[in-house]
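Coordinate-derived values only; no laboratory data. Because the structure is a prediction, the values reported are computed rather than measured. Every residue, glycine as well, gets a Cβ built from its backbone with ideal geometry; the counts of neighbours run over all protein chains shown.
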Amino acid sequence: MTNNEPNGIPQTTPLADERIAPFTLAIPDADVADLRDRLARTRYTTEAPGADPAYGASLTAVRAMAEYWQHEFDWRAVETRLAAFPQFLTTVDGQPIHFLHVRSAEPGAFPIVLTHGWPGSFAEFADMIAPLVDPVAHGGRAEDAFHVVVPSVPGYAFSAPVTESGWGSARVAAAWDTLMKRLGYERYGAHGGDGGSLVGRELGILAPEGLVGTHVLQLFSFPSGDPTEFEKLGPKDYEALEILKDFGEISAFATLQSTRPQTLAHALADSPVGQLAWNELMATFDRPTALTRDQILTHVSLYWFTNTAGSSARQYKEDARFNAGEGVSERVNHTPTGVSVFKNDFHSIRPFAERDNDRIVFWKEHEVGGHFAAMEVPDILVADLREFFAPLR
């Protein structure tokens with residue numbers, strides 16, 4: 001269900017109705033060869049004074065990763081693994097949607113939709129699918145089984161192209177409800193991290209019939225301006241504010257993507273090393289990361305092969321426009337909500353989170369893991385999902 005544009009980039013062929021069609025992940029040989037050729041001809045920038053990480057991703061780190069990408073990274077091995085998951089295409093609200101759909105053999109399995117963020121992709125959940133679908137084989141109980149649906153957010157990977165504006169987190173959430181019901185699931189749960197956390201909370205606000213709960217890695221609730229709010233904060237909450245300040249120093253990508261994403265897109269569509277460097281939230285070139293080079297390059301490669309750097313960035317712009325609307329900041333999520341907080345991540349601030357989400361029924365803090373817990377500590381996240389959804393099934 002793909003066709004090749006003149007530039008060789010695979011583009012999804014939209015379905016004209018509500019059909020669900022099988023999808024095969026297969027990048028043309030010519031595109032793989034073109035990537036290696038471009039990597040070999042990279043014109044690198046100069047290093048910042050003293051290689052100071054405050055300036056951004058260092059030349060040394062980016063070049064080392066790019067050379068590994070060119071000479072050692074095995075895209076075909078990654079592709080074979082991802083292609084083993086049953087994948088499909090459908091159209092929701094005029095937008096092509098690519099998704100993985102893996103059903104459990106357990107008769108009591110419960111449906112769950114998992115949503116990735118930026119700069120990730122559906123591949124974030126590759127290590128979680130088998131334990132969720134077949135818990136008995138992975139240290140769990142049969143009653144913990146899930147039917148797993150992993151869509152690509154519009155504008156990401158094979159849920160492209162995006163031909164109209166408005167595909168922010170709220171619209172994505174509504175599309176996920178349509179998708180789950182199109183698959184025949186009358187009741188289901190949701191999980192998300194990063195941008196997927198925003199979609200998960202929007203699902204909670206939407207509260208469609210059949211949604212039993214939403215679990216997230218982050219609740220992005222901040223001070224409202226009322227000084228009395230700080231009276232509720234404890235030592236851990238003030239630590240979380242310091243972590244938020246640190247994150248703000250490396251989040252220039254969010255400012256640009258929420259204002260001028262199309263300007264950025266021209267550069268990233270033409271330079272694989274530019275795409276690699278821009279994914280620094282995941283690659284953390286100058287900070288420790290638990291992710292392997294292959295995990296990082298899996299996502300960078302998906303962005304490159306599908307030419308979706310620009311369309312994925314637009315989600316930030318769409319959310320910024322939506323959040324600027326009247327009354328948006330006053331919306332409260334009343335759906336049962338779970339939060340897993342990992343050590344090396346943004347830490348949700350519970351008093352602020354409870355202001356904006358009044359049915360937080362699960363809150364667990366972990367001394368391991370980071371922003372991409374689904375890839376870093378998948379077993380821990382799977383255990384949290386089993387625990388959160390057990391009373392809601």
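For Lys236, which lysines qualify as cross-link partners when the Cα separation must be under 23 Å and same-chain residues fewer than eight apart are set aside?
Result set, ordered by chain and number: Lys245, Lys343, Lys364.
Loop-only check: which GluC sites (Glu not before Pro) in the stretch 241-328 are DSSP coil with at most 11 other Cβ within 10 angstrom?
Numbers: sites: Glu242, Glu249, Glu280, Glu318, Glu326; in loops: Glu249, Glu326.
Passing both the DSSP loop test and the Cβ count: Glu249, Glu326.
Go through the stretch 93-172 and name the GluC sites (Glu not before Pro) that are in a DSSP coil and have 12 or fewer other Cβ atoms within 10 Å of their Cβ.
Glu164
Neighbour counts of other C-beta atoms within 10 Å: give me Ser329, Ser121, Ser58 arranged from fewest to most. Please list the in-between numbers first.
Values: Ser329 11, Ser121 27, Ser58 18.
With the sparsest Cβ surroundings first, the list reads Ser329, Ser58, Ser121.
Please identify every one of the trypsin sites (Lys or Arg not before Pro) in the stretch 39-107 that sits in a loop by DSSP and has no more than 13 other beta carbons within 10 Å of its own beta carbon. Please report the intermediate quantities before stating the final value.
Values: sites: Arg41, Arg43, Arg63, Arg76, Arg81, Arg103; in loops: Arg41, Arg43, Arg103.
Filter output for the stretch 39-107: Arg41, Arg43.
What ranking do Thr306, Thr91, Thr163, Thr335 get, fewest neighbouring Cβ atoms within 10 angstrom at the top?
Placing the least packed residue first, the sequence is Thr163, Thr91, Thr335, Thr306.
So if we plug the beta-carbon distance of Ala48 and Lys236 into 1/(1 + (r/R0)^6) with R0 = 45 Å, what FRET efficiency do we get, rounded to 0.05?
Once the sixth-power term is evaluated, E becomes 0.80.
Most exposed first by the Cβ proxy, i.e. fewest other Cβ within 10 Å, how do Thr42, Thr115, Thr24, Thr263 rank? Don't jump to the answer; show the numbers that get you there.
Numbers: Thr42 17, Thr115 32, Thr24 8, Thr263 11.
With the fewest neighbours first, Thr42, Thr115, Thr24, Thr263 line up as Thr24, Thr263, Thr42, Thr115.
With just the Cα atoms of the chain, tell me how far they stretch along each of the three principal axes, in Å, largest first.
Rounded to whole Å, the extents work out to 54, 50, 44 Å.
For Cα pairs less than 8 Å apart in space and 6+ apart in sequence, what is the mean separation divided by the residue count of the chain, i.e. the relative contact order in percent? Don't skip to the end; give the middle numbers.
Values: 693 pairs, mean separation 73.6, N = 393.
The value is 19 percent.
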